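Student: Below is a structure I'd like to ask you about.
Taken together, the values in this text are just the output of simple stated rules run on the coordinates, not laboratory data. Computed from a predicted structure; not experimentally measured. Note that each Cβ is placed from the backbone with ideal geometry, even for glycine, and that neighbours are counted across all protein chains shown.
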Amino acid sequence: MSTTATQLLVGRDLELRLLVEALNGLPDHGAALVFRGEAGIGKTVLLEAAGGMATERGVRVLYTAGVASESDLPFSGLHRLLRPVMERADELAPAYRSALLGAFGIGEDPGGDPFLVGLATLDLLSRQGASQPLLVMADDLHWIDAPSRDAIAFVGRRVESDPIVLLVSWREGHGAEVGELGLAEYVLDRLSDSDSSALLDARAPGLPDGLRARRVAGIRGGWQGRRDGHAVECSPRAGVRRALG
Ligand SMILES: Nc1ncnc2c1ncn2[C@@H]1O[C@H](COP(=O)(O)OP(=O)(O)OP(=O)(O)O)[C@@H](O)[C@H]1O
Ligand SMILES: [Mg+2]
């Protein structure tokens, strides 16, 4: 996570303002925000920018990310998130502690009760946040295992008066469940023509005109090509990554 990400971010002033507002609320107020958008539209780069801004402000960053291969491993996403602060688990009430440790396969209690795990996660993060405000990020939440996802959303619905900002990304097209998380959602639009041009000029300067125009169109998404005499959709998804690559 570096400030470089913020500096290199093009056309996301509104989103950056939302992030600054959320971070400025710390430590008195927490916030939770979901960035939704198509593959490659710039969700992760926004989270990286948030991480850079948080670090600059002395806010500690905790991070987890969904990985398709761990989607079926209960609590794997939460384990990755909480691992750096698990030394404070001893401070939790016994019922919380055993629920959380049990969820991670530690201790005698099988643990994993969803309500207790949610409460334990919230309590652990609040205690940590009292020492140093937190930015808690879950990239690609759609790939995070369901019990972890529930615990993360449980926290997100309760951080209003805690020194915690929760930031989540969700790739469009991976089910409707994101709407059921009860968190404020922000849908990322495709970049405008001028932002797409600016991004391309910054990242791939000096392209021949024809290729440049195709790449800009690729970033905008939905550009048309021709096959067998018919117009076809060549770029069904916003293609910032694809067009830059
Ligand atoms: N607004 C932007 N300014 C600068 N670079 C951007 C912007 N949006 C996307 N990019 C670049 O495009 C590429 C794809 O962005 P990113 O990985 O953040 O997309 P994503 O939405 O997280 O995709 P996925 O759904 O696959 O995780 C990266 O190289 C990123 O740096
Ligand atoms: Mg991503």
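Student: So how strong a dipole does the stretch 3-187 carry about its Cα centre when Lys and Arg Cβ are +1 and Asp and Glu Cβ are -1, to the nearest 20 debye?
Tutor: Result for the stretch 3-187 is approximately 380 debye, rounded to the nearest 20.
Student: Which of the peptides 98-104, 53-59, 39-45 is most tightly packed, and how do the rest follow, going by the mean number of other Cβ atoms within 10 Å of each residue?
Tutor: Numbers: 98-104: 22.9, 53-59: 16.6, 39-45: 20.7.
Highest mean packing first, the order is 98-104, 39-45, 53-59.
Student: Let me ask something additional. By how many degrees, between 0 and 90 and to the nearest 10, does the Cα long axis of helix 43-56 differ from the longest principal axis of the chain?
Tutor: Tilt of helix 43-56: around 60 degrees.
Student: Hey, another quick one. Mind checking the dipole of the stretch 5-108: about its Cα centre, +1 per Lys or Arg Cβ, -1 per Asp or Glu Cβ, Debye to the nearest 20?
Tutor: 100
Student: Please work out the Cα convex hull volume for the chain and give it in Å³ per residue. Each step should come with its number before you reach the end.
Tutor: Numbers: hull volume 31.1 nm³, N = 245.
Normalising the Cα hull of the chain by residue number yields 127 Å³.
Student: Would the stretch 99-160 count as rounded, prolate or oblate if I go by the C-alpha gyration tensor, calling it rounded below 1.5 in a/c and otherwise prolate when a/b exceeds b/c, oblate otherwise? Can you show the working numbers first?
Tutor: Values: a/c = 1.94, a/b = 1.23, b/c = 1.57.
Oblate, because a/c is 1.5 or more while a/b does not exceed b/c.
Student: So, one more: Name the shape class, rounded, prolate or oblate, that the alpha-carbon gyration tensor gives for the stretch 1-78, where a ≥ b ≥ c are the square roots of its eigenvalues, rounded holds for a/c under 1.5, and otherwise prolate holds if a/b is larger than b/c and oblate otherwise.
Tutor: oblate
Student: Sticking with this one: Kindly provide the GluC sites (Glu not before Pro) of the stretch 64-171 that DSSP labels as loop, not H, G, I, E or B, and whose Cβ sees at most 13 other Cβ atoms within 10 Å. The partial results should precede the final answer.
Tutor: On the way: sites: Glu70, Glu87, Glu91, Glu108, Glu160; in loops: Glu108, Glu160.
Counting only loop positions with at most 13 other Cβ atoms within 10 Å, the GluC sites (Glu not before Pro) in the stretch 64-171 are Glu108, Glu160.
Student: Still on this model: Based on the mean of other Cβ atoms within 10 Å per residue, sort peptides 206-212, 26-32 so the most packed one is first.
Tutor: The packing order, highest mean first, is 26-32, 206-212.
Student: Nearest 10 degrees, 0 to 90: what angle lies between the long axis of helix 114-131 and the longest principal axis of the chain (Cα atoms)?
Tutor: Value to nearest ten degrees: 80.
Student: So in the chain, what percent of DSSP beta bridges are antiparallel if you round to the nearest 5?
Tutor: 15
Student: Moving on. Can you compute the helix-only [θ] at 222 nm over the chain? Use -39500 (n - 2.57) per DSSP H run of at least 4 residues, normalise by all residues, nearest 500 deg cm²/dmol.
Tutor: -13000 deg cm²/dmol
Student: Now for a separate question. Name the residue farthest towards the positive end of the dipole of the chain from the options Gly58, Leu46, Leu23, assuming +1 on Cβ of Lys and Arg, -1 on Cβ of Asp and Glu, about the Cα centre.
Tutor: Comparing the listed Cα positions along the dipole, Leu46 ranks first.
Student: Using only the alpha-carbon atoms, how far is helix 193-203 inclined from the longest principal axis of the chain? Give it as 0 to 90 degrees, nearest 10.
Tutor: 80
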